[in-house]
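The values are calculated or read from the model by the stated rules, or taken from the named source; none is laboratory data. Remember, predicted model here, so these are calculated numbers, not experimental data. Heads up, the Cβs are rebuilt from the backbone with ideal geometry, glycines too, and the neighbour counts pull from every protein chain shown. Accessible surface is based on the protein model in full, side chains and every heavy atom, while ligands, DNA and RNA are left aside. Shrake-Rupley method; radii C 1.70, N 1.55, O 1.52, S 1.80 Å.
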Amino acid sequence: MQKKKPQHTSVSHQYPSLLRRLGAWLYDTLIVSAILFIAGALAMAIVAALLAIGILSLGDYQDASDYLMSNPTASMLYSAYLAIVIIGFYSYFWTQAGQTLGMRAWKLKLQNEDGSPIKITQALIRIATSAFGLGNLLAFNNTRRSMQDIMAECEMVVTEKEH
């Protein structure tokens, strides 16, 4: 059985400019901020409910917010929860559609060189090496691949030709 060659050619793909990458990043930052606001409100409601039914006690803390931010265990769990929300957002969109909402608005798509969707391990590598979006500043090679694209062995392409 002969192995299929990837459909990728450097001529057929247009790679995004730094400005386009940063536009999508800013758009996604606003969306993730809104999601974190909702996730934080949900956590606050859960803590308030646990306080109301007597499972938790405020002790020396002023309120549920102070408890979540200052109690060492609660603070660690709360931070981990918010990190999971962020990781879940990017991982879901990158592995399912190849695009976050910001990437869709800026006509960008994340994929393997053969055009297939990235795997969850690639998404996690990409998140871990993105340096909170600063890895995009290194996208000056011939295929404009960012640090996180190189590390996760994937590429970002423009879904429609720029005019």
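A few points about this structure:
- Rounded accessible area per residue of the chain, 1.4 Å, Å²: 63
- When the alpha carbon gyration tensor of the stretch 18-61 is reduced to an equivalent ellipsoid, its three semi-axes come out at 37, 9, 5 angstrom, largest first.
- Gained length - Ser79 relative to Gln96, 0.36 nm times residue gap less alpha-carbon distance: 3.6 nm
- Förster radius 22 Å - calculated FRET efficiency between Leu137 and Leu30 (Cβ-Cβ, nearest 0.05): 0.65
- Whole-percent carbon and sulfur share, accessible surface of the chain, 1.4 Å: 66
- Sorted peptide list for 30-40, 96-106, criterion being average Cβ within 10 angstrom, highest first: 96-106, 30-40
- Contact order for the chain, expressed relative to its length and based on alpha carbon pairs under 8 Å spaced 6+ residues apart, stands at 29 percent.
- Calculated percent of Cα pairs over 20 Å apart (choose from (1) 57; (2) 44; (3) 49), label: (1)
- Only helices enter this figure: runs of n ≥ 4 DSSP H residues, each worth -39500 (n - 2.57), summed and divided by the residues of the chain, yield -17500 deg cm²/dmol at 222 nm to the nearest 500.
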